[in-house]
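Trainee: Before I ask anything, here is the structure I am working with.
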Protein chains: 4
Amino acid sequence: MPRARLRDLGIVTGTLPPGQWNAITDVPGIRVGYTTLIDDTPSIIRTGVTAVWPRGPEIWTDAVFAGIHSFNGNGEMTGWAWIAEQGLLASPICITNTHSVGIVRDAICRLAARDKVEMPWLLPVVAETYDGWLNDAVSFPITTEHAIAALDCATTGPIAEGNVGGGTGMICHEFKGGTGTASRIVQTVGETYTIGALVQANYGSRDLLRIDGVPIGRELGPTEVPTPREAGSIIVILATDAPLLPIQCQRLARRATTGLAWVGGVGFNGSGDIFLAFATGNHVRASETISTLRMLSPDKMNALLQAAAETTEEAILNALCAAETMTGVHGHTAHELPLDTLVNVMQRYRPRPA
Amino acid sequence: MPRARLRDLGIVTGTLPPGQWNAITDVPGIRVGYTTLIDDTPSIIRTGVTAVWPRGPEIWTDAVFAGIHSFNGNGEMTGWAWIAEQGLLASPICITNTHSVGIVRDAICRLAARDKVEMPWLLPVVAETYDGWLNDAVSFPITTEHAIAALDCATTGPIAEGNVGGGTGMICHEFKGGTGTASRIVQTVGETYTIGALVQANYGSRDLLRIDGVPIGRELGPTEVPTPREAGSIIVILATDAPLLPIQCQRLARRATTGLAWVGGVGFNGSGDIFLAFATGNHVRASETISTLRMLSPDKMNALLQAAAETTEEAILNALCAAETMTGVHGHTAHELPLDTLVNVMQRYRPRPA
Amino acid sequence: MPRARLRDLGIVTGTLPPGQWNAITDVPGIRVGYTTLIDDTPSIIRTGVTAVWPRGPEIWTDAVFAGIHSFNGNGEMTGWAWIAEQGLLASPICITNTHSVGIVRDAICRLAARDKVEMPWLLPVVAETYDGWLNDAVSFPITTEHAIAALDCATTGPIAEGNVGGGTGMICHEFKGGTGTASRIVQTVGETYTIGALVQANYGSRDLLRIDGVPIGRELGPTEVPTPREAGSIIVILATDAPLLPIQCQRLARRATTGLAWVGGVGFNGSGDIFLAFATGNHVRASETISTLRMLSPDKMNALLQAAAETTEEAILNALCAAETMTGVHGHTAHELPLDTLVNVMQRYRPRPA
Amino acid sequence: MPRARLRDLGIVTGTLPPGQWNAITDVPGIRVGYTTLIDDTPSIIRTGVTAVWPRGPEIWTDAVFAGIHSFNGNGEMTGWAWIAEQGLLASPICITNTHSVGIVRDAICRLAARDKVEMPWLLPVVAETYDGWLNDAVSFPITTEHAIAALDCATTGPIAEGNVGGGTGMICHEFKGGTGTASRIVQTVGETYTIGALVQANYGSRDLLRIDGVPIGRELGPTEVPTPREAGSIIVILATDAPLLPIQCQRLARRATTGLAWVGGVGFNGSGDIFLAFATGNHVRASETISTLRMLSPDKMNALLQAAAETTEEAILNALCAAETMTGVHGHTAHELPLDTLVNVMQRYRPRPA
């Protein structure tokens, strides 16, 4: 069976409807780009860079509100202190492998210089997960140019999943992991909001993996060759066009924990489970001394909170369904989640009639 | 079918083994006591106080390490600032209804004065959930004596669940909720640790309720008469005898989020989802200028982290299974989770053979 | 020399101009009330309650944004979790002694019930400092009525300082401490904002006390009879009419640390140094599903940040200048800061001409 | 008058005694190294890298406890999430300019690879302040080799101050700023502890600068040519050999705010005021499953807390006293603090006899 998205297999998680592409790019203005590096010479490279633009290039002067939650902080997300302090995000975001956070972070400064952004300094947001089980990470293959290429090629519309961008060398619940995305449409207070997630999924043990409650990991049994179980990480980027304040974005970010739990992630010690949520529904322009804002009443956030959990859950599962078996350094092979078996197991767990 | 604990129904969640009582009191030294107030005159009272002693009375001079996590802070836990600052807990904990947090908190100060505790001041930990849908909360029925009675009657060994103590008037996933408990035994680094949870469960919507992944809430269908769905709260107290530092207790507390998610809690806006974890494995005596401590390596915490999630999950389900239908103010009735139907549904979701 | 305010002594700290009353009540709408309990029978009582209304009674349905910072958390501020989560404050604030936080907290719930506030539950903000060196705290003299009286008598305009309200039994830098207030006017972005502080000052060692940089504590020498040095606490309430978001209120609250440092407070272990800032410049009405807000650009906050430090500094000094010598339990006497000596010392430290 | 350290000018701030070198290197095992880049071709370079080793190379497998505080988060300190989560620091620290945080951060990964450190991944701590007013930052002059050179040349004993390392292009209180250090010896509980600070000082407005309470900035008058006032940042590294837990290191870090306030820093919006404290008094070895620790009683931390403030204060002043006038890009000149005038002003503020 060819790789597919979860819904294409007839499996629906959650109750809220997805957007047009069931992707973070359903949130208007969001752009995603990838640089994917797969090479066998001079060393075995399985890595890349994922870029997410919260708006188009106007982000440099038209900030979005943002908030971060660290469920388990064995990871890196640069730019943290400033988002925690001010709640504003005014630059694109990248995700890459652990050893390359730095060069990718500085690359965003270089991009800003190239594009004549009028800011004395920048505190870019770059996060990571570790791909050294498949990728020769200590060869430091990612360059400034790779990062800028991912940023430059970012587009709206449907986006690739699985072994792409920063997600190229990932392992998730002891299957091949990677990049995944999903979205939800929320109707509240007479308005329609979209919320989308993009994950770089690289965490978890197989026995805890569940899909819509079904213990699929236990059913599929242990791996023949041990893969990293208790290390790894997951980065979740949540985007919405709802008019939220920074403190509300923090709340949204915290709900990625819930979606992660539904799939079977418990935040093992070695995992960097760090979640960023941003909201494009307000504009904070560099030229303004007073900004006029709208705030969705906290009382009316429940559907968004649930949607944050649902998109995280489905984005992880989409990463698993899209990622293909990969062999990397040291002869390590991470096997893809077998979709035909998956469908069979889900069938076996269908409830009998009442 | 009489009320029962989840395991007595043949339903096992999680993979780690429980302790002797499958209760927080499996952690050596922990004592739990209740004052339960159920009365129809002069007003309809359905409330109470739960007391948890981290050690016996020696707690006043032999502190435990502790850490707090607020998943959704629409609630109260007094003593927060000091635990966040210092990571020490040197007094018993109470849980009660929202309107009585204050009197119960001061009662712990009065108890210390009564028992000649030599401390100039105390910053007691008292948490709450709201029972005003069943209880005439604005009659403020809880007194200092009620709180002290719960503290004084606390014991080790098996403890009551359901409509007892602070959990008396709770509603959970639109069923009758209340107090619940569970425990797990963890083997690691050649040592055996116990971890236990006690919850006061008063949150959640029915359609999200799951047991071992089975969407039991959807199967049982909506309530005939609406009950509070998006308000409510859950307090989780996690205890362990592992030798953890304060920062490790914070990590443990955060895993209650995972167990809550497994049952279907997403932290709605109106919910005060606040989690306290403490560890008795070290002793910090008031008389010491230097304390000698042991620390379990963070790398070896994974089973404890998973166990924190598992105990939270099962403690909530035990609360649901124990709590009995209750009619309170305004003729409101919260219906118990029907155990026979529950067993039937779980049966229908048993997987077919491969 | 009679007690006086710092500026009445010709001593000016900071550079920004104060408001009309040099008080937190310069911020439009803020009301302050006190209950002061001084009695010698049946026991020696030196305590009270301070009430601060962020708006008039409309606060119950027209919330202000708020943020908290704990510089040293050996103290209590109830309501913390919800302000940290949501950033909204929709009830009056009280400050009292440590043993009475609870009864005063519940009293605000009772007041809401009395005044038919339509809210299912409340999470009131009540903070404390410890007055047991002068006050027979373990007699628990404060009642619900005392708290409600402070709330009911709150007014705008000039307010009392020194031995009043919750500040009645305080000790500060080993002098008699108490309640103090100050304000600043800030011009920025073509608008005029007022920021005010109210402190309950009960911390610090004499040798660190400074006024406008002058080491007044060292000059005045040690106390003859030891007073509490390293215990004690300070609560700071900062109010402004600037249009700030919750995350900006948190930043403001953090600057109380700076003002405290200027007076000589270093946050000793026994001190509960907890700071709350709220901003009335936006209205979040309970009836709204979408609120329209204004936000002062973070880039334009500098004068407000400095003003937060300046008002904290001067409010502490006003507390010291207003408080009069008090004898309390166990024959303990806390001596007032001697104003004539103070003026002499400040004169001796005047710079010589260049 | 040649550049000198503050105490060499006869000016003593604080009351606790300094260590042998009055430097962070008074804490046994701490090593500091610099790479200083000053060049006029091909572009005007005034920048560098500062390296701090918490222990010698054994740090890779023998971690120290650590804690971070962000007083104003307009800055970057990588590694934050993991220190916040686990409280362990197992790698050297660097400080550099804003645009080069990334390359320096990755350089620590490369150093670990070079030196065969057996760790799958690293989350290095690298902080920054902005030097673009004097340095051609957008030429990105700092290389991997520069960072490794600073790490490799680190030594114990007395260390350089002023225009060295990451502090090369700094401006502080509108004077030439840079790198500074100081230390204090604390006697408590029958033990002797050393605490040291190293700062990269690049913040502040001249009118707020104070030395031992004397308003030296106002006395010296405004700059002729405007320098950056409200931007800039300060990084503070605090080290001690006291046996502190991570949560106690966080408390220590927070006291840098106090020392900063004493010099006149209020944390303007544009400032990244981020403080890291670590304690070498415990050993957490990678090979251990249970570590045996000592903890100084929180009650006995007061002298250390005050010492943290004092060392921060004096380290900033040492940076100002050491830094020499520098001309950089765009003909910008940052003038050194004139020491002869400083001494005169301090003399004028000497108190008259009582």
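The values are calculated or read from the model by the stated rules, or taken from the named source; none is laboratory data. The structure presented is a predicted model; accordingly, all values stated were derived computationally and were not measured. Positions of Cβ are generated from backbone atoms using ideal geometry, with glycine treated the same way; all protein chains shown enter the neighbour counts.
Trainee: Take C:P124 and tell me if it is in contact (Cβ under 8 Å) with a residue 12 or more places away in the chain, in contact with a helix residue (DSSP H, G or I) (Cβ under 7 Å, 6 or more places away or on another chain) and within 14 Å of chain D (Cβ to nearest Cβ). Give the derivation first.
Mentor: On the way: in contact (Cβ under 8 Å) with a residue 12 or more places away in the chain: yes; in contact with a helix residue (DSSP H, G or I) (Cβ under 7 Å, 6 or more places away or on another chain): yes; within 14 Å of chain D (Cβ to nearest Cβ): no.
For C:P124, the condition - in contact (Cβ under 8 Å) with a residue 12 or more places away in the chain, in contact with a helix residue (DSSP H, G or I) (Cβ under 7 Å, 6 or more places away or on another chain) and within 14 Å of chain D (Cβ to nearest Cβ) - is not met.
Trainee: Looking at segment B:280-294, is at least one residue facing another protein chain (nearest Cβ under 9 Å) and of a type in the set (D, E)?
Mentor: Yes, there is a match, as at least one residue in segment B:280-294 is facing another protein chain (nearest Cβ under 9 Å) and of a type in the set (D, E).
Trainee: B:I274 is checked against (1) assigned to a strand (DSSP E or B); (2) in contact with a Leu (Cβ under 8 Å, 6 or more places away or on another chain); (3) closer than 26 Å to C:E85 by Cα and fails just one. What number does that condition carry?
Mentor: Unmet for B:I274, out of (1) assigned to a strand (DSSP E or B); (2) in contact with a Leu (Cβ under 8 Å, 6 or more places away or on another chain); (3) closer than 26 Å to C:E85 by Cα: (2).
Trainee: Go through segment C:8-51 and give me each residue that's closer than 30 Å to D:G265 by Cα and β-branched (V, I, T).
Mentor: Across segment C:8-51, the qualifying residues are C:I11, C:V12, C:T13, C:T15, C:I24, C:T25, C:V27, C:I30.
Trainee: On to the next question. Is it the case that segment B:63-84 has a residue that's of a type outside the set (A, V, I, L, M), within 11 Å of chain C (Cβ to nearest Cβ), over 18 Å from the mean Cα position of the chain (by Cα) and surrounded by 24 or more Cβ atoms within 10 Å (Cβ to Cβ)?
Mentor: yes
Trainee: Can you tell me how many residues within segment A:103-120 are among the hydrophobic types (A, V, I, L, M, F, W, C) and either more than 10 Å from every other protein chain (Cβ to nearest Cβ) or without any contact (Cβ under 8 Å) to a residue 12 or more places away in the chain (or both)?
Mentor: Residues meeting the conditions: 4.
Trainee: Let me ask you something else. Before we move on, is C:R352 surrounded by 24 or more Cβ atoms within 10 Å (Cβ to Cβ), farther than 30 Å from C:I44 by Cβ and within 8 Å of another protein chain (Cβ to nearest Cβ)? It would help to see each step written out before you state the result.
Mentor: Numbers: surrounded by 24 or more Cβ atoms within 10 Å (Cβ to Cβ): no; farther than 30 Å from C:I44 by Cβ: yes; within 8 Å of another protein chain (Cβ to nearest Cβ): yes.
No; evaluated as a whole, the condition is false for this residue.
Trainee: Another question, if that's okay. Go through C:G19, C:G56, C:G14 for me and flag whichever is without any contact (Cβ under 8 Å) to a residue 40 or more places away in the chain, away from chain B (no Cβ under 14 Å) and over 27 Å from B:T144 (Cβ atoms). Step through it out loud before you land on a result.
Mentor: Details: C:G19 fails: without any contact (Cβ under 8 Å) to a residue 40 or more places away in the chain; C:G14 fails: without any contact (Cβ under 8 Å) to a residue 40 or more places away in the chain.
Just one listed residue meets the conditions, C:G56.
Trainee: Moving to a separate point now. Can you pull out every residue in segment D:220-241 that is within 19 Å of the chain's Cα centre (by Cα) and among the aliphatic types (A, V, I, L, M)?
Mentor: D:A231, D:I234, D:I235, D:V236, D:I237, D:L238, D:A239
Trainee: Just to verify a result, which residue in segment A:1-56, among those that are over 29 Å from B:L208 (Cβ atoms) and among the charged types (D, E, K, R), is surrounded by the most Cβ atoms within 10 Å (Cβ to Cβ)?
Mentor: My answer is A:R46.
Trainee: Which of the numbered conditions does C:V186 fail, given that it passes all the others? Conditions: (1) of a type in the set (A, V, I, L, M, F, W, C); (2) within 17 Å of the chain's Cα centre (by Cα); (3) within 30 Å of A:A66 (Cβ to Cβ); (4) assigned to a strand (DSSP E or B).
Mentor: Looking at each condition in turn, C:V186 falls short on (2).
Trainee: Can you give me the number of residues within segment C:249-266 that are within 25 Å of C:G87 (Cα to Cα) and at the interface with chain D (Cβ under 10 Å from one of its Cβ atoms)?
Mentor: Filtering segment C:249-266 for residues within 25 Å of C:G87 (Cα to Cα) gives C:249-260.
Now narrow it down to the ones that are at the interface with chain D (Cβ under 10 Å from one of its Cβ atoms): C:251, C:254-255, C:257-260.
Residues meeting the conditions: 7.
Trainee: Of everything in segment C:334-347, what is touching a residue at least 40 places away in the same chain (Cβ under 8 Å) and either within 14 Å of C:C172 (Cα to Cα) or within 14 Å of chain D (Cβ to nearest Cβ) (or both)? Give them in sequence order.
Mentor: Within segment C:334-347, C:A334, C:H335, C:E336, C:L337, C:P338, C:D340, C:T341, C:L342, C:V343, C:V345, C:M346 meet the criteria.
Trainee: Only residues that are among the aliphatic types (A, V, I, L, M) and either surrounded by 24 or more Cβ atoms within 10 Å (Cβ to Cβ) or within 18 Å of C:G264 (Cα to Cα) (or both): list them for segment D:306-328, please. Give the derivation first.
Mentor: Taking segment D:306-328 and keeping what is among the aliphatic types (A, V, I, L, M), we get D:307-309, D:315-317, D:319-320, D:322-323, D:326.
Passing the criteria: D:A307, D:A308, D:A309, D:A315, D:I316, D:L317, D:A319, D:L320, D:A322, D:A323.
Trainee: Let me ask another. How many residues are under 30 Å from D:H330 (Cβ atoms), of a type in the set (V, I, T) and under 17 Å from the mean Cα position of the chain (by Cα) if we restrict to segment D:19-54?
Mentor: 5
Trainee: Here's a follow-up. More than 23 Å from C:I59 (Cα to Cα), more than 12 Å from chain D (Cβ to nearest Cβ) and either among the hydroxyl-bearing types (S, T, Y) or in a loop (DSSP other than H, G, I, E, B) (or both): is that true of C:P243 in this structure?
Mentor: So C:P243 does not fit the description; no.
Trainee: Among the residues of segment B:291-349, count how many are in a helix (DSSP H, G or I) and over 21 Å from the mean Cα position of the chain (by Cα).
Mentor: Result for segment B:291-349: 17.
Trainee: Working carefully through the options B:A51, B:A113, B:A66, find the one that is under 26 Å from D:A84 (Cα atoms) and hydrophobic (A, V, I, L, M, F, W, C).
Mentor: Criteria check complete, one pass: B:A66.
Trainee: Filter segment A:85-102 down to the residues that are more than 26 Å from C:L244 (Cβ to Cβ) and either of a type in the set (S, T, N, Q) or surrounded by fewer than 24 Cβ atoms within 10 Å (Cβ to Cβ) (or both), then identify the one that is nearest to the other protein chains (Cβ to nearest Cβ).
Mentor: Applying the filter and picking the extreme gives A:T98.
Trainee: Scanning segment C:213-224 for residues that are farther than 16 Å from C:G177 by Cβ and away from chain D (no Cβ under 11 Å), which turns out modelled with the lowest pLDDT?
Mentor: C:E224
Trainee: Something else now. Being within 11 Å of another protein chain (Cβ to nearest Cβ) and either assigned to a strand (DSSP E or B) or closer than 14 Å to A:A23 by Cα (or both) is the filter here; which residues of segment A:193-212 pass it?
Mentor: A:I211 - this is the single residue of segment A:193-212 that is within 11 Å of another protein chain (Cβ to nearest Cβ) and either assigned to a strand (DSSP E or B) or closer than 14 Å to A:A23 by Cα (or both).
Trainee: I want to confirm something. Restricting to segment D:180-192 and keeping residues that are out of contact with any Pro (no Cβ under 8 Å at 6 or more places or on another chain) and within 11 Å of D:A23 (Cβ to Cβ), which single residue is surrounded by the most Cβ atoms within 10 Å (Cβ to Cβ)? So that I can check it myself, show each step before the final result.
Mentor: From segment D:180-192, those out of contact with any Pro (no Cβ under 8 Å at 6 or more places or on another chain) are D:180-181, D:186-192; that's our starting set.
Going one step further and asking which of them are within 11 Å of D:A23 (Cβ to Cβ), we end up with D:180-181.
Details: D:G180: 31, D:T181: 27.
Per the criteria, the residue is D:G180.
Trainee: Quick check on A:A309: is it closer than 30 Å to A:M346 by Cα and away from every other protein chain (no Cβ under 11 Å)? Quick ask: steps written out before the conclusion?
Mentor: Numbers: closer than 30 Å to A:M346 by Cα: yes; away from every other protein chain (no Cβ under 11 Å): no.
It is false that A:A309 is closer than 30 Å to A:M346 by Cα and away from every other protein chain (no Cβ under 11 Å).
Trainee: Quick one: in segment B:134-157, which of the residues that are surrounded by 24 or more Cβ atoms within 10 Å (Cβ to Cβ) and within 13 Å of chain C (Cβ to nearest Cβ) is farthest from C:G102 (Cα to Cα)?
Mentor: Top of the filtered list is B:L134.
Trainee: Same structure again: Pick out the one residue from C:A160, C:A127 that is surrounded by fewer than 24 Cβ atoms within 10 Å (Cβ to Cβ) and among the small types (G, A, S).
Mentor: C:A160
Trainee: Kindly indicate which of C:R251, C:R229, C:R218 is among the charged types (D, E, K, R), outside any loop (DSSP other than H, G, I, E, B) and farther than 23 Å from C:V64 by Cβ.
Mentor: C:R218
Trainee: Same structure again: All but one of (1) surrounded by fewer than 24 Cβ atoms within 10 Å (Cβ to Cβ); (2) among the small types (G, A, S); (3) touching a residue at least 60 places away in the same chain (Cβ under 8 Å) hold for C:G331, so report the exception by its number.
Mentor: Here C:G331 meets the rest and fails (3).
Trainee: While we're on this one: Might you let me know whether segment B:312-322 holds any residue that is within 13 Å of chain A (Cβ to nearest Cβ) and not hydrophobic (A, V, I, L, M, F, W, C)?
Mentor: yes
Trainee: Given A:A277, A:A261, which one is crowded, with 24+ Cβ neighbours inside 10 Å, touching a strand residue (DSSP E or B) at 6+ places or on another chain (Cβ under 6 Å) and among the small types (G, A, S)?
Mentor: Just a single option satisfies the conditions, and that option is A:A277.
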